[in-house]
Amino acid sequence: MIVTSAVRHAAAGTAAVLLVLPVPSATASPVISTATVSSTASVTATASAASTAAVPSTATVTASPGALRTSLHEPTPPARRHVDRARLDLKGTQVQPLPGAPDVPSISALSWVIADASSGEVLAARNAHRKLPPASTLKALFALTALPHHEPSEQHTVADSELTGIGDGSSLVGVKEGYTYKVSDLWNGVFLSSGNDAVHVLASMNGGWESMSRQMQEKARSLGALDTRVVSPDGYDAPGQVSSAYDLAVFGRAGLQDPAFVRYCSTRYADFPAGSWSYGIANTNRLLTGADGVDRYPGLIGIKNGYTSNAGNTLISAARRGDRTLVVTVMNPQSGGGLAVYEEARELLDWGFEAVDRVQPVGSLLPVPTEPAKAAAGSGNRAVAVARESREAKADSRAPRAGAEAAAAPAEDPARGEEPSGASAGLPLALVGSACAAALALWGRRRRTAHRAG
């Protein structure tokens, strides 16, 4: 009876003490709630969380000591499309048709490319990286480089020095020294009339002829256009000046991402100022205007055409049909006369819209990552690997040893992000022991008091 009374007092004292004890900061439990995913589970599920903003409320998430399993109904990801960039280095026509794909048209151009403007995937090409003189299609690169530097409404009075050095036989829009033009007027002169005089003035406003050549060269490299060498920013024939159908397609695709570029390259007619009056100018891209016996191509956005006796006819075209936009470049057709460049571009566009989703890409217009970028990516991967190894080593150090119960291992507190210390984990046991001792002391005192009273 004495023992029973002592135990009862100890239990009462212990209960009283436990009622005021705080809840331990961390408890070990092998069960993870279906409503909340623990920090360990969130680490395990990092890969899937990167593509899913939140776990759907209908998903059931469970965990076991070895792995986290999720029953998520996610859409099947699209099949990866392998792009062999080296294929475009090969000579001849490059295409990878799927069942039902139309035959690639046989055209006479020395080099051509057709690509999807959105994804940059090259649908087909012929001698894509063959270096050839670009003529005025190089003005597309000039525009990409110089357009951002001046507002369209800015006005500029032309100096005589800005019109020196224009090549003999150059196409001109009619810029005059001493006249004041808006920048938008000069760009209309570049895109519609292919005016080398307008190019010279704009180049002067952007650092001069030599500086402009260097800026264009840097721009080409930044876009991944490695075949292009700029000598004369207006595209006029110059020793060593070359580009390729691939690079021109890169320039065309980049231009479509600039609203100002698109506005100028798609303009068919405009008024060009001449002091107190103005005169009309028409875009020389016949596929855009439908002039001189060339039917206008439906959905054509435009971009830039060119011609010199050395380069022959060259063309960058872009057209939209539905939600698809294609870019086509054609360099130096060998038959059909001066209008062949437009008709061959038409054939390629028709084929491209019909062949969409029926061919595998043979290349890409997207720039290849540079060595610094690759190194940075490699460093990032190594950092992830090191962090992963660190986490695994930490988890191993916390794992229970052989013969020990898993439940005895302290769990992480997701809110605090740290492990409970040994002192804090053992505190409840110490308090329980103290409570038992206090209860026994109280019982002993009452027994002595009762004994004296008796």
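The values are calculated or read from the model by the stated rules, or taken from the named source; none is laboratory data. Fair warning: this is a prediction, and the values are worked out from it, not measured in the lab. The accessibility values were calculated without ligands, DNA or RNA, using every heavy atom of the protein model including side chains. Shrake-Rupley method; radii C 1.70, N 1.55, O 1.52, S 1.80 Å.
Amide H neighbours of Q96 under 5 Å, counting only residues 5+ apart in sequence or on other chains, H built in-plane at 1.01 Å?
When sequence neighbours closer than 5 places are left aside, the close amide H contacts are Q360.
For the stretch 99-130 and the stretch 199-250, what is the centre-to-centre distance using only Cα atoms, to the nearest Å?
24
Output the pairs from K139/K176; K176/K304; K91/K219; K91/K304; K176/K219 with a Cα-Cα distance over 22 Å in this structure; if there are none, say none.
Over 22 Å Cα-Cα: K176/K304; K91/K219; K91/K304; K176/K219.
May I ask you to evaluate 6.51 cos²θ - 1.76 cosθ + 1.60, the Karplus curve with θ = phi - 60°, for each residue of the stretch 300-314 and list the ³J(HN,Hα) values in order in whole Hz, giving x for glycine and proline?
Residue by residue, the stretch 300-314 yields 5, 8, x, 1, 7, 10, x, 7, 9, 5, 7, 8, x, 8, 10 Hz.
Checking the a/c ratio against 1.5 first, then a/b against b/c, what shape does the Cα gyration tensor give for the stretch 150-299?
In terms of gyration-tensor shape, oblate.
Which far-off residues, 5 or more places away or on another chain, put their amide H under 5 Å from the one on A109, with H placed in the peptide plane?
Placed amide hydrogens put Q334 under 5 Å from A109.
Roll a 1.4 Å probe over the protein heavy atoms and report the accessible area of I301 in Å², nearest 10.
10
Report the equivalent ellipsoid semi-axes for the stretch 215-288 in whole Å, largest first, defined as the square roots of five times the eigenvalues of the gyration tensor built from alpha carbon atoms.
Working from the Cα gyration tensor, I get semi-axes of 28, 16, 12 Å.
Pull out a ≥ b ≥ c, the square roots of the eigenvalues of the alpha-carbon gyration tensor of the stretch 281-347, then state rounded if a/c is under 1.5, prolate if not and a/b is larger than b/c, and oblate in the remaining case.
Verdict is prolate for the stretch 281-347.
With a 1.4 Å probe and every protein chain kept in, tell me what percent of the accessible surface of the stretch 231-364 is carbon plus sulfur.
Here carbon and sulfur together make up 46 percent of the probe-accessible area.
Could you check how much of the accessible area of the stretch 123-200 is carbon and sulfur, as a whole percent, using a 1.4 Å probe?
Reported share for carbon and sulfur atoms: 43 percent.
Whose amide H sits under 5 Å from the amide H of I303, counting only residues 5 or more places off or on another chain, with H placed in the peptide plane?
none
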